[in-house]
Every structure is written in C-alpha cells, then in structure tokens.
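A.B. asks: Below is a structure I'd like to ask you about.
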Amino acid sequence: MTPAAWKRAPSVVLEPVGEGNRRAVQELELLPEQQDFVASNADSLEEAEEDDEAIARAVVAAGHVVGFLMYSAPDDDNEATIYRFMIDRREQGKGLGRAAVAKVLEQIARLGHIHRVAICYEPNNEAARRLYAGFGFVEQGFDEDDEMIAVLELSR
C-alpha cells in the first residue's frame, strides 16, 4: 500500500497514553480467539514505563479509544518496530485497524531517519498477516519467540 493509499483509510488519531485515556486503553478487549495473539494492554503499558524507547499510543476514532499500539523508533537506528497492536473487539471490521496502521506508518516515515519498519505477529493470526501484507510488509521468518517477523521498506 502506498502512502497515498494510507490517507484514504477511516480517520483515526494516535494519542499518547496518559491519565486521560489509560483506563480506556486497559479496558479494551479482544475476541476470545484472539487472546493469545498479543500481550495485554496493562502489561504493555507497564513495559512502556520501563522502556525509554517504547512509544505507547491510544487509537482514537470519533473521540473514543478503539485500540492500542506500541512501537519504537530509536534515534540511533534506521529501523522502527511495531510490537503491540490491537483494536477492541467491538470496533473490529470497520477499517480502523487499517487506518491505525496507516497512521503509525505515516508518523514513523515523518521521523526521517527510519528506512524500515518491522512487525511481528503470531503465525496463525491470518487477519494480521493479511493486514500487514496489504501495506507491503514481507515476511522474513520467525523470531526467538516463534512469532513471524515481517518488514516494510519505506520509500526514500
């Protein structure tokens, strides 16, 4: 998917997670069959507090928190990593996941120093595989946790 196509997705905003939206992020839910695909948002937020490179964002649509993502884009590296991403079970199927991925890719590309974006997901998560492939992510193989790693080369 090209940057121009990223802009055609439904409108979402990525907001820093803080006092005003932390509880809403923690209350987001996955479908039962998705529970094993991603760490809990509470665990992820704890991890973000301990990791200076973690960037935690609430996915907001029409003024409501509908999802959560976390990524890193270290200043001393040309690769960013998206390592948490979820859309609430009640908000799935509306294009919000695609819109959120598009938005985070836009933000990462604007940093200027990032040339590659990596993402990992459970290999049996077909919805994630299709979503990321639609943006041009190419599967590279498995990491040490047996998750699939996919990489997107950003245009320079």
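The values are calculated or read from the model by the stated rules, or taken from the named source; none is laboratory data. Nothing here was measured: the structure is a model prediction, and the numbers come from that model. Positions of Cβ are generated from backbone atoms using ideal geometry, with glycine treated the same way; all protein chains shown enter the neighbour counts. When the accessible area is computed, the model is the full protein with side chains, heavy atoms only, and any ligands, DNA or RNA have been set aside. Shrake-Rupley method; radii C 1.70, N 1.55, O 1.52, S 1.80 Å.
A.B. asks: Starting from the Cα gyration tensor of the range 78-156, take the square roots of the eigenvalues, sort them a ≥ b ≥ c, and report rounded, prolate or oblate (rounded when a/c is under 1.5, otherwise prolate if a/b is larger than b/c, else oblate).
C.D. replies: Details: a/c = 1.97, a/b = 1.14, b/c = 1.72.
Note, shape of the range 78-156 comes out oblate.
A.B. asks: Using a 1.4 Å probe on the protein chains only, how many percent of the accessible area of the range 3-119 belongs to carbon and sulfur? Don't skip to the end; give the middle numbers.
C.D. replies: Working: 2720 of 6110 Å².
Its accessible area is 45 percent carbon and sulfur atoms.
A.B. asks: Turning to a different aspect of this structure: Does the chain come out rounded, prolate or oblate by the C-alpha gyration tensor, with a ≥ b ≥ c the root eigenvalues, rounded set by a/c under 1.5 and, if not, prolate when a/b is larger than b/c and oblate if not?
C.D. replies: Working: a/c = 1.22, a/b = 1.19, b/c = 1.02.
Rounded is the answer for the chain, as its axis ratio a/c remains below 1.5.
A.B. asks: Mind computing the radius of gyration and Dmax over the alpha-carbon atoms of the range 65-120? Å is fine for both.
C.D. replies: Just the Cα atoms of the range 65-120 yield Rg and Dmax of 12.1, 38 Å.
A.B. asks: Order these peptides, 85-94, 146-155, 31-40, by their mean beta-carbon neighbour count within 10 angstrom, highest first. Please list the in-between numbers first.
C.D. replies: On the way: 85-94: 17.8, 146-155: 15.7, 31-40: 13.0.
With the highest mean Cβ count within 10 Å placed first, the list reads 85-94, 146-155, 31-40.
A.B. asks: With a 1.4 Å probe and every protein chain left in place, work out the accessible area per residue of the range 1-152 in Å², rounded to a whole number. Intermediate values should be presented prior to the final figure.
C.D. replies: Working: 8030 Å² over 152 residues.
Using a 1.4 Å probe on heavy atoms only, each residue of the range 1-152 averages 53 Å².
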